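**Q** Take a look at this one; I'll ask things after.
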Ligand code: PMP
């Protein structure tokens, strides 16, 4: 057996997920394409009434004097697709591109019976995350999380009923040794955790990235203790130093053995545009199906106009062009990281420590104080600098000396000034 049996997922899927039924209309959508079929099926608005003649997008030139390429979504099928209701899991051609892309990047091939995974396009990865929580987390389920954890993950998991089990992190993110310790000491009569939630690259907030061996160790624990890995990886392409580490999704196959324990979430927010709201989930068919049923009831489909723009862009670039683009974006943020860290070293090295992030957008600064909340949330704002205090990255109240600083937007001048203000803020109580 190379793939978990479909029935294996029954124990992971929530009652809510199992009780969903296909939409009466959406289930019949594919039949509309049968030759000669006259469709009186859906309340699709007639595109003749749409006021849009075309969608033209002008791209920035790759170098200052290069041409500005134009993407034209002009007329006919492409424009109709862009403006109309379409498949729940995404525009068919974008969906195909993403499947090929996942093959190229992660070495997985969606061949039923051989490498059974599915893809669904989502309104950003947060949408996929919300639906994954609804499909997998039942009231009282134990969920293994990084400590600290992405603050945006806490509300949905909490609402779904998660009992958080925090796993300590080190400079590579979630510690496999600590995770093993948690699992080895798990009481026999207590239901085991269903999943581990991890942001393995350029972690939000800690900036940490897991190396290959770390991922293998955690994957082996997932196999040993039979839990899922929810791999939330929006910063995957923002790897600065050296090659990208293979994803959990890739390693699942590379390692051999039984696949089907990784649900991977990708996002185009950090590399194309966050307003487009395009991401995708890749993983076991049963879970993706459950998420699609959720979509078909909740918001019908991801935004197809955004999808059409992204599809036109990907068609223009091809897989290689997309990979070249994300490398340029990573280079941009590497320069930002260097400048930002340089400013941090200049102003903060005697009052804070940090680990250099090798990916992503965040510096996780440990201030020389007991509780960063007071410094960051109250006083820094008065001094004209906003950042997040560390305590928002934990599911329960506590004091922490940490603060998360995002270096994605600040110019070098702003970074310098921000650190001057932070420094002043830290010293204020002693000097005022
Ligand atoms: N997961 C993590 C770890 C994030 O940092 C973010 C964005 N802040 C998201 C998910 C949501 O990204 P998207 O814009 O794709 O919904």
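**Q** Would you mind stating whether residue 251 is on the phi < 0 side of the Ramachandran plot and within 14 Å of the chain's Cα centre (by Cα)?
**A** Working: on the phi < 0 side of the Ramachandran plot: yes; within 14 Å of the chain's Cα centre (by Cα): no.
In short, no.
**Q** So how many residues does the range 1-17 have that are without any contact (Cβ under 8 Å) to a residue 60 or more places away in the chain and surrounded by 13 or more Cβ atoms within 10 Å (Cβ to Cβ)?
**A** Matching residues across the range 1-17 total 0.
**Q** Next question, about the same structure. Please find, within the range 167-204, the residue that is surrounded by the fewest Cβ atoms within 10 Å (Cβ to Cβ) out of those that are away from the ligand (no atom under 15 Å from the Cβ) and within 16 Å of residue 360 (Cβ to Cβ).
**A** Once the filter is applied, the top-ranked residue is 171.
**Q** Which of the residues that make up the range 254-275 are buried (at least 19 other Cβ atoms within 10 Å of the Cβ) and either under 16 Å from the mean Cα position of the chain (by Cα) or closer than 26 Å to residue 26 by Cβ (or both)?
**A** The answer is 260, 262, 263, 264, 265, 266, 267, 268, 270, 271, 272.
**Q** Shifting gears a bit: Within the range 31-42, is even one residue within 32 Å of the chain's Cα centre (by Cα), surrounded by 10 or more Cβ atoms within 10 Å (Cβ to Cβ) and touching a residue at least 24 places away in the same chain (Cβ under 8 Å)? Spell out how you get there, then give the answer.
**A** To start, the set of residues in the range 31-42 that are within 32 Å of the chain's Cα centre (by Cα) comprises none.
No, the conditions are met nowhere in the range 31-42.
**Q** Then there is this: Can you report the number of residues in the range 358-415 which are surrounded by fewer than 16 Cβ atoms within 10 Å (Cβ to Cβ), touching a residue at least 60 places away in the same chain (Cβ under 8 Å) and more than 25 Å from the chain's Cα centre (by Cα)?
**A** Here the count works out to 1.
**Q** Residues that are modelled with pLDDT of 95 or more, touching a helix residue (DSSP H, G or I) at 6+ places or on another chain (Cβ under 9 Å) and within 16 Å of the ligand (Cβ to nearest atom), at least 2 per element: which helices (runs of 4 or more DSSP H) completely within the range 60-166 meet that?
**A** On the way: elements: 76-83, 92-106, 124-136, 154-160.
In the range 60-166, 92-106, 124-136, 154-160 are the helices (runs of 4 or more DSSP H) which contain 2 or more residues that are modelled with pLDDT of 95 or more, touching a helix residue (DSSP H, G or I) at 6+ places or on another chain (Cβ under 9 Å) and within 16 Å of the ligand (Cβ to nearest atom).
**Q** A further question follows. May I ask you to list the residues in the range 108-133 that are closer than 15 Å to residue 194 by Cα and more than 16 Å from the chain's Cα centre (by Cα)?
**A** Scanning the range 108-133 gives no hits.
**Q** Right, here's the next one. Filter the range 259-293 down to the residues that are touching a strand residue (DSSP E or B) at 6+ places or on another chain (Cβ under 8 Å) and assigned to a helix (DSSP H, G or I), then identify the one that is nearest to the ligand (Cβ to nearest atom). Talk me through it step by step, then tell me what you get.
**A** Kept after step one, since they are touching a strand residue (DSSP E or B) at 6+ places or on another chain (Cβ under 8 Å), are these residues of the range 259-293: 259-269, 278-285, 287-289, 291-292.
Applying the additional criterion that residues be assigned to a helix (DSSP H, G or I) yields 285, 287-289, 291-292.
Numbers: 285: 22, 287: 17, 288: 17, 289: 21, 291: 14, 292: 18 Å.
Applying the filter and picking the extreme gives 291.
**Q** What is the number of the single condition among (1) more than 16 Å from the ligand (Cβ to nearest atom); (2) touching a helix residue (DSSP H, G or I) at 6+ places or on another chain (Cβ under 8 Å); (3) farther than 24 Å from residue 24 by Cβ that residue 42 does not meet?
**A** Evaluating residue 42 over (1) more than 16 Å from the ligand (Cβ to nearest atom); (2) touching a helix residue (DSSP H, G or I) at 6+ places or on another chain (Cβ under 8 Å); (3) farther than 24 Å from residue 24 by Cβ leaves (3) as the failure.
The values are calculated or read from the model by the stated rules, or taken from the named source; none is laboratory data. What you see is a predicted model; the values in this text were computed from it and never measured. Backbone-built Cβ (ideal geometry, glycine too); neighbour counts: all protein chains shown.
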